[in-house]
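All of the numbers you see were taken from the coordinates with simple rules; none came from a lab. Everything numeric here is computed off the predicted structure, so don't read it as measured data. Cβ: placed from backbone, ideal geometry, glycine included. Neighbour counts: every protein chain shown.
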């Protein structure tokens, strides 16, 4: 049968629609065909911005001989991991159970019913001497094994399937006050004190880990009883934030962060830019800025949001998902420079300063003598001085170079992450335009991706395409992150539009109530990734660990804590308490993998701050005062209730502790 991807909306699937491989999208028809033909399924998963996905596509899937082998012996399925995270997650988990390293492209070999028995990531077209089996050779080995020893493959698949099911079951244990400090010590112990970040290469930007660590500084057991631990947390967070901002992970001339660094020094990234990374990092730099008002952090926030508005913003109100790593036939070509190119744009005098400041040398630090710019010295004054030159270089590359491809999908989850980050940054950094942009995105999610089923619940979609509208039923993280997005707008919007918070609180409750109803496991702790009545690949599973984005269950903890604080409804407190024990054991062994949950637990222990103001004119001075304090989760709400007798009321958690007329009294 011919390739069946040409009618898909996904850019990643369309990138493979002209190949000779007889790809088809994920669905029951592919499984039915595999069963009818008694062929193994070959499921290949990736995303449009992925460099190694492009490499394998060109080397293997574009090759007529290899395509012929795949068509003859397999039913071939292509999956966009951003469009179908449920498929990606379950098969990634399966491959990792086989002691294979995860990543993309993810290539999984399955029985005709979809149960996996083998898989891996990138495979070369021929023996390159690097220990990786050539793809054609692997295809024939799998084919022969399926023909001669299918029973062994069935045994493998059975074992993997049972392990996937078992991963859902979490008994949990009572939460101890020391669990947080133990997690902090463990995470800080893995910090790279030389170059920042955690562990060895490749290094991913650890925004969720940094946010958890910062939140713990307001806990008495970290701040008071363990002053050295508090100092260590401060050092770890700011070392990493500065290292990423100075390095080549950050686009020094155009703003925005790449997905990860291939080295330990944050110098050379894989150059794809993802919406979720930048959303999470805006949040991390905002919290860091509140600590010490470092102008570098404010510049990073400003430049990253400027890049998002310039290159990623849709006219429909949301932001696109990614920019490709490759352009002009190679990775990073859009971003790297040689000295002569900078000389031509800037002239020798200014060029010399820029080349010295950003380590652009004749030898280069990238391929073919090119350099990926990174700051040599942490000199903000020099950075500020060279801002016009950096802008000129950015404008030159926009004019002359072919820009990386942009994936046009608008994802509920990733846009929701950005809403929270931009709303918080806008409020604290005193940028109303950022909060207005965040509100616009939140309204887009509500108007284009959700549909109210009754007054208290909604149906939410996961993906929006400009040419075809909303599609794919929302997953747990879509509902939970959308709830958090609406809560973020509710928390700060009364600063600009007194009383508007109530609209967004209603939307947040609708999202959270729907999540609790649609995804609950009535027999055990936790919430499934796919909703009731929606077919899950292989089996319904629960997402406990954060990956590139927060896990659905961890985001639920944040939303449950906030809405319990604001409403006092027992349903939210009970759901939070039921989830809590699941994370106690994980905090001892995998703390960095549940950092978003640990942050929610930490914030809940502290108590979320709720400020209510009787007059809108009081907001500017309160905002200034809060911007001079360390980050906490806060709601700043307008209240015209007759119950509010004075100008200000402060509640922490569900306890209202102060009602006063002046800021001095409020913060005494």
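What relative contact order, as a whole-number percentage, does the chain give when Cα pairs under 8 Å and 6 or more residues apart are counted?
Details: 1263 pairs, mean separation 77.3, N = 668.
Relative contact order, the chain: 12 percent.
Per the Cauchy relation, a quarter of the hull surface: what is the mean projected area of the convex hull of the alpha carbons in the stretch 354-400, in nm²?
Details: hull surface 14.3 nm².
The Cα convex hull of the stretch 354-400, projected and averaged over all directions, gives 3.6 nm².
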Any idea what diffusion coefficient the stretch 11-166 gets from Stokes-Einstein, in µm²/s, Kirkwood Rh on alpha carbon pairs, 4 °C, 1.567 mPa s? 84 µm²/s
Just the Kirkwood number for the stretch 550-614, please: inverse of mean 1/r across all distinct Cα pairs, in Å, one decimal. 12.3 Å
Need one number: % antiparallel among DSSP beta bridges in the chain, to the nearest 5. 75 percent
[x] 32.0, 142; [y] 31.1, 116; [z] 25.4, 82, with the label sought being that of the calculated Rg and Dmax of the Cα atoms in Å: [z]
Relative contact order (percent, whole number), the stretch 609-666, Cα cutoff 8 Å, 6+ residue spacing: 40 percent
Starting from the 7 Å offset along Cα-to-Cβ, what nm value, one decimal, do you get for the label separation of residue 200 and residue 159? 2.7 nm
Using alpha carbon centers only, the stretch 234-251 is separated from the stretch 612-668 by a whole-angstrom value of 34 Å
For the stretch 609-666, build the convex hull from the C-alpha positions and give me its volume per residue in Å³. 77 Å³
For the stretch 523-668, the convex hull over Cα atoms projects on average to an area in nm² of 11.7 nm²
Within the stretch 538-668, what percent of beta bridges assigned by DSSP are antiparallel, to the nearest 5? 65 percent
Computed P(r) (all Cα pairs; the stretch 519-562; 10 Å bins; percent): 27, 53, 19, 1
State the three equivalent ellipsoid semi-axes of the stretch 464-549, derived from the C-alpha gyration tensor as the square roots of 5 times its eigenvalues, in descending order and whole Å. 28, 17, 12
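As a check on your grasp of the helix formula, calculate [θ] at 222 nm for the chain: sum -39500 (n - 2.57) over DSSP H runs of n ≥ 4, divide by the residue count, round to the nearest 500.
Values: 27 runs with 320 residues, N = 668.
Helix contribution divided over all residues of the chain: -15000 deg cm²/dmol.
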